[in-house]
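Worksheet: one structure, shown below.
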Amino acid sequence: MRFTRTILKAVSVLVALCSLSQPALSHSGIAQDPWNPAHLAGLPREIQAEVRKLDRVCGGPVAAAQRFALYLTVSRAQLIVLHFDDLRCRNKAALCSGAGCLHEVYVSTAGRYRRVLAVHAYDVRLSTSPHVVLEILDAKGTRRALRWSGSGFVGP
């Protein structure tokens, strides 16, 4: 009997303590806004202006997820890959088709960015091994690789 009362008291104390604790979701990845305006605001101005032009065709303001823009710096050049499947757009058909979603690559060599590639694909990835390579994965799962020539991407 005494053992049962001790158990009941312990359970009551645990329940009381649990009800006093506050959830910590505001600092976890789950509660953070995946469409944070900073994901677009951090882009270079000329690229940001190009993305903002999509507001009209998307049917409202676009917003970007964290992995919308990925960066790679190599020998005096910075490459930025935009993954439009990570862009919130009401009219998704404006950016994606059966061939995949739009992906663009920009390069800056003298402080100004220019687009060097636009392709509809399932995914694109930049890597350096030992040269800069852009791997394009199409909707059928076929991969092809393009090598950075210093001014653009070229085939094998």
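The values are calculated or read from the model by the stated rules, or taken from the named source; none is laboratory data. Since the structure is predicted, the reported quantities are computational estimates derived from the model, not experimental observations. Heads up, the Cβs are rebuilt from the backbone with ideal geometry, glycines too, and the neighbour counts pull from every protein chain shown. Just the protein is used for accessible areas: all its heavy atoms, side chains included, with ligands, DNA and RNA removed. Shrake-Rupley method; radii C 1.70, N 1.55, O 1.52, S 1.80 Å.
Here's a check for you: in the range 134-156, which residue that is in a strand (DSSP E or B) and β-branched (V, I, T) is surrounded by the fewest Cβ atoms within 10 Å (Cβ to Cβ)?
As a first pass, look at the range 134-156 and keep what is in a strand (DSSP E or B): 134-137, 143-148, 153-154.
Next, only the ones that are β-branched (V, I, T) stay: 136, 154.
Values: I136: 20, V154: 10.
That would be V154.
Would you confirm whether or not the range 79-93 contains a residue that is without any contact (Cβ under 8 Å) to a residue 60 or more places away in the chain, surrounded by fewer than 15 Cβ atoms within 10 Å (Cβ to Cβ) and farther than 22 Å from N36 by Cβ? Yes, the range 79-93 contains at least one residue that is without any contact (Cβ under 8 Å) to a residue 60 or more places away in the chain, surrounded by fewer than 15 Cβ atoms within 10 Å (Cβ to Cβ) and farther than 22 Å from N36 by Cβ. Scanning the range 33-71 for residues that are open to solvent by less than 60 Å² (accessible area, probe 1.4 Å) and touching a helix residue (DSSP H, G or I) at 6+ places or on another chain (Cβ under 8 Å) yields L40, L43, Q48, V51, L54, C58, V62, A63, A64, A65, F68, A69. Residues that are open to solvent by 60 Å² or more (accessible area, probe 1.4 Å) and either closer than 14 Å to A77 by Cβ or in contact (Cβ under 8 Å) with a residue 40 or more places away in the chain (or both) within the range 112-124 comprise R112, R114, R115, listed in sequence order.
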